[in-house]
């Protein structure tokens, strides 16, 4: 097993630059997908919901909100929109009058198939000039960063004072 790698020393200016770059990238990707998906009457959030309800029929609004890391009210508004478009349906959950199971309609599955081709085109443009190895490395870096961020959110401070070398902080 590999020894833990020390965290790089990053000054706050570089951190801010990287954070801004990641945020700009996320915003640009979302806006590009929203624009491309609008031809089918959906947006980035709708696509994410359709993926989840198509893959796991009968999810509750609360479980969708947890899975996607967004507020239940936000999910509820997006589901309302998808129901109005005929792409998902709400079904009562027996034994719980307050809960609804969300599932994709046949039209929702069809639209998701079409928008996945559009998503592939947008991603192809985004990663133009990347080799498969570069893409895999980028994905690995982002997955690790996401895991590190999740441990911060969850209050995991095991590595808070660890510079990776096993020494006590000065």
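Each value in this text was obtained by applying a stated rule to the coordinates, not by laboratory testing. Nothing here was measured: the structure is a model prediction, and the numbers come from that model. When we count neighbours, we look across all protein chains shown, and the Cβ atoms used for this are built from the backbone with ideal geometry, even at glycine.
Residue separation times 0.36 nm, minus the C-alpha to C-alpha distance between residue 17 and residue 56: what's the value?
Working: separation 39, 0.36 × 39 = 14.04 nm, distance 3.82 nm.
Taking residue 17 through residue 56 to full extension adds about 10.2 nm, to one decimal.
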For the chain, find the longest principal axis of its Cα atoms and tell me its angle to the long axis of helix 106-126, 0 to 90°, nearest 10.
30
Over all distinct Cα pairs, what is the inverse of the mean 1/r for the stretch 29-128, reported as the Kirkwood hydrodynamic radius in Å?
13.9
Take peptides 88-95, 125-132, 102-109, 29-36 and line them up by average Cβ neighbours within 10 Å, highest first, as a rough protection proxy.
102-109, 29-36, 88-95, 125-132
Label-point separation (nm) for residue 90 and residue 70, each offset 7 Å from Cα along Cα-to-Cβ?
1.6
Debye sum, Cα scatterers, the chain, no solvent: what log₁₀ I/I(0) at q = 0.10, 0.20 1/Å?
-0.56, -1.34
What whole number of Å gives the distance from the Cα centroid of the stretch 14-43 to the Cα centroid of the stretch 50-73?
21
